[in-house]
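Before any comments, here is the structure.
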Amino acid sequence: MSNVVRPPSLLDALIPTFVLIILLACSVFLFGDSSSSGANQIALLLASAVAIIVGIKNGLSWEFIEQGIIDGVSVSLRAIMILFAVGTLIGSWILSGTVPTMIYYGLRLLDPSIFYAACCVISAFVALSIGSSWTVAGTIGIGLIGTAAALGLPLDITAGAIISGAYFGDKMSPLSDTTNLAPAVAGTDLFTHIKHMAWTTGPSIIISLIIFTILGLFYTPTGSANTMAETLALLEQQFYIHFILLLPLLLVLVLAMKQFPALPTILGGTLIGCVFALVFQADVIYQLAGNTDIPLALALFKGVWMVLFDGFVSNTGNASIDDLLTRGGMSSMLNTVWLVLMAMIFGAVLDKVGLLARLVQGVLTSVKSTGSLIAVTIASCIGANIITADQYIAIVLPGRMYRLEFERRGLAPENLSRVLEDSATITSPLIPWNTCGAFMASTLGVATFAYLPYCFFNIINPIISLIYGFTGFKLTPLKENAVKENVLQEPEIDEVSAIPAVK
């Protein structure tokens with residue numbers, strides 16, 4: 001590092017941000033839904049280069065910035081490992097017949113008129129039980145998306161319903177890592193935080209369910225009774241269908257409920273999926289291997305191996321069924337991993353160079369009232385989700401920066417913890433390059449910008465939180481001589497050690 005290091009100016013902090021916004025806008029305009037297949041990654045990389053130039057201009061050495069990039073990327077390694085594991089999980093569960101069985105019984109049991117509301121409620125219940133939106137999307141979500149496709153219902157609305165329910169349950173579950181992280185950062189206890197969140201979260205999910213119910217009345221299935229019957233017949237023809245094939249799903253949900261770490265839980269689901277495939281779908285594996293010149297045992301081994309790294313390939317002759325079931329494998333996650341890496345590099349550079357802290361300091365100067373403080377906190381959390389591409393940093397960084405300001409204005413810490421969850425946690429799946437947005441898009445097979453307008457809960461919740469801020473409704477005043485526990489005191493920028501395990 002050079003002898004003289006100058007603190008970044010507000011202009012320094014704004015330049016890379018504006019460059020990123022312009023490049024991302026051009027990316028979406030030029031490439032549309034395929035912008036996350038490479039164009040967004042280049043935009044993030046170029047914006048990172050601009051931020052690096054700013055840092056070097058201010059006297060920082062490349063070695064110092066490079067170490068920040070390494071630290072930032074290391075934070076995303078857990079998410080990357082989970083992404084690859086989910087790729088194998090999807091492939092093995094299609095091969096084993098677990099996903100086809102979920103689709104089969106979903107077609108038989110779910111009424112299309114309440115399908116979207118049912119998706120939201122089911123996802124919410126499971127997420128509340130296990131505390132993980134990612135696990136819900138990677139298990140129940142896959143089956144619900146498949147059922148929607150078979151019914152001829154819009155997948156973007158279905159994905160929005162799944163994500164809305166999953167994030168409601170995740171947000172309100174005491175087992176969720178973000179629900180534990182937010183009160184720890186703000187300085188309140190877990191159950192005070194959950195109780196306080198109910199005032200914004202409850203109305204948000206009720207309004208969302210009403211909208212999904214209304215949509216269900218207007219969006220009628222495009223698939224006829226004959227088409228549905230054909231789909232059921234093709235599933236029975238290609239796979240052995242039985243309730244027992246839902247056991248891998250049950251195993252993963254039980255492990256998640258017992259708070260087993262995400263990666264071994266998903267890998268355990270993949271392993272049992274492979275075992276079930278060998279036991280119940282040997283004919284499917286043999287055809288998939290495409291090589292009858294080798295012994296049967298080797299052919300089966302080859303078929304399972306192929307699915308784990310390159311996904312399942314369906315050849316029923318029905319285009320819609322084949323598109324639905326040709327999915328999974330580690331290779332299907334490579335583009336998502338590329339996106340996550342570029343996003344984490346950009347966030348790490350802004351963090352290490354000090355541009356994030358400078359942006360927050362600039363924003364605080366505009367705070368004149370309680371309502372504007374909450375508005376600025378919400379905007380900062382959303383901005384951190386966009387810039388750093390990680391919901392945990394989006395909770396920790398604004399939480400540290402604004403904690404003292406909430407206290408100075410006589411606001412209890414549960415107000416801050418609620419705002420952090422109402423904005424940072426909730427909006428993370430709405431950003432394509434955020435780890436949560438990338439995961440949801442890859443897992444559910446629906447582009448982020450496609451499902452975004454239908455994530456009603458995720459859109460409504462920050463708005464209600466903002467309304468409460470300006471009206472003063474259900475804002476708890478700070479008690480005199482309040483004892484604050486678990487408070488992270490200094491508003492430092494290096495958050496690597498504060499980031500918990502990814503869901």
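The values are calculated or read from the model by the stated rules, or taken from the named source; none is laboratory data. As the structure is a computational prediction, the values presented were derived from the model and not from experiment. Methodologically, a virtual Cβ is constructed for each residue, glycine included, from the backbone with ideal geometry; neighbour enumeration extends over all protein chains shown. When the accessible area is computed, the model is the full protein with side chains, heavy atoms only, and any ligands, DNA or RNA have been set aside. Shrake-Rupley method; radii C 1.70, N 1.55, O 1.52, S 1.80 Å.
Observations on the structure shown:
- Within the stretch 72-108, the only residue that satisfies the criterion of being part of a loop (DSSP other than H, G, I, E, B) and closer than 24 Å to ALA438 by Cβ is SER76.
- Pairs where the first residue, in the stretch 49-60, is without any contact (Cβ under 8 Å) to a residue 60 or more places away in the chain and farther than 13 Å from LEU20 by Cβ and the second is surrounded by fewer than 15 Cβ atoms within 10 Å (Cβ to Cβ) and of a type in the set (Phe, Trp, Tyr), C-beta under 7 Å, 6+ apart: ILE56/TRP62
- So LEU30, is it buried (at least 19 other Cβ atoms within 10 Å of the Cβ), at pLDDT 85 or above and hydrophobic (A, V, I, L, M, F, W, C): no
- In the stretch 407-419 there is at least one residue that is under 25 Å from SER208 (Cα atoms), among the basic types (Lys, Arg) and touching a residue at least 40 places away in the same chain (Cβ under 8 Å).
- In the stretch 383-413, the residues that are of a type in the set (D, E, K, R), open to solvent by 10 Å² or more (accessible area, probe 1.4 Å), farther than 12 Å from VAL185 by Cβ and in contact with a helix residue (DSSP H, G or I) (Cβ under 7 Å, 6 or more places away or on another chain): GLU405, ARG409
- Only one of the listed residues (SER331, SER380, SER369, SER314) is open to solvent by 10 Å² or more (accessible area, probe 1.4 Å), of a type in the set (Gly, Ala, Ser) and under 30 Å from GLY143 (Cβ atoms). That residue is SER331.
- All positions within the stretch 200-216 that are farther than 17 Å from SER123 by Cα, modelled with pLDDT of 95 or more and open to solvent by 10 Å² or more (accessible area, probe 1.4 Å): PRO203
- The stretch 68-91, residues that are closer than 21 Å to PRO248 by Cα and surrounded by fewer than 24 Cβ atoms within 10 Å (Cβ to Cβ): MET81, PHE84, ALA85
Results for (1) over 15 Å from the mean Cα position of the chain (by Cα); (2) modelled with pLDDT under 90; (3) open to solvent by 10 Å² or more (accessible area, probe 1.4 Å); (4) among the hydrophobic types (A, V, I, L, M, F, W, C), shown as yes or no for each residue.
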residue: TRP93; (1), (2), (3), (4): yes, no, no, yes
residue: TYR105; (1), (2), (3), (4): yes, yes, yes, no
residue: ARG108; (1), (2), (3), (4): yes, yes, yes, no
residue: PHE115; (1), (2), (3), (4): yes, no, no, yes
residue: TYR167; (1), (2), (3), (4): no, no, no, no
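- Considering the stretch 254-290, and only residues there that are assigned to a loop (DSSP other than H, G, I, E, B) and open to solvent by 40 Å² or more (accessible area, probe 1.4 Å), the residue that is nearest to SER176 (Cα to Cα) turns out to be GLN259.
- Members of the stretch 73-91 that are of a type in the set (Val, Ile, Thr) and under 15 Å from the mean Cα position of the chain (by Cα): ILE80, ILE82, VAL86
- For the stretch 217-244, filtering for residues that are at pLDDT 85 or above, assigned to a loop (DSSP other than H, G, I, E, B) and either in contact with a helix residue (DSSP H, G or I) (Cβ under 6 Å, 6 or more places away or on another chain) or open to solvent by less than 50 Å² (accessible area, probe 1.4 Å) (or both) leaves 3.
- Boolean, PRO16 is outside any helix (DSSP H, G or I) and touching a residue at least 24 places away in the same chain (Cβ under 8 Å): no
- Restricted to helices (runs of 4 or more DSSP H) entirely inside the stretch 314-379, those with at least 3 residues that are farther than 21 Å from LEU83 by Cα and either of a type in the set (S, T, N, Q) or touching a helix residue (DSSP H, G or I) at 6+ places or on another chain (Cβ under 6 Å) (or both) are 334-353, 355-364.
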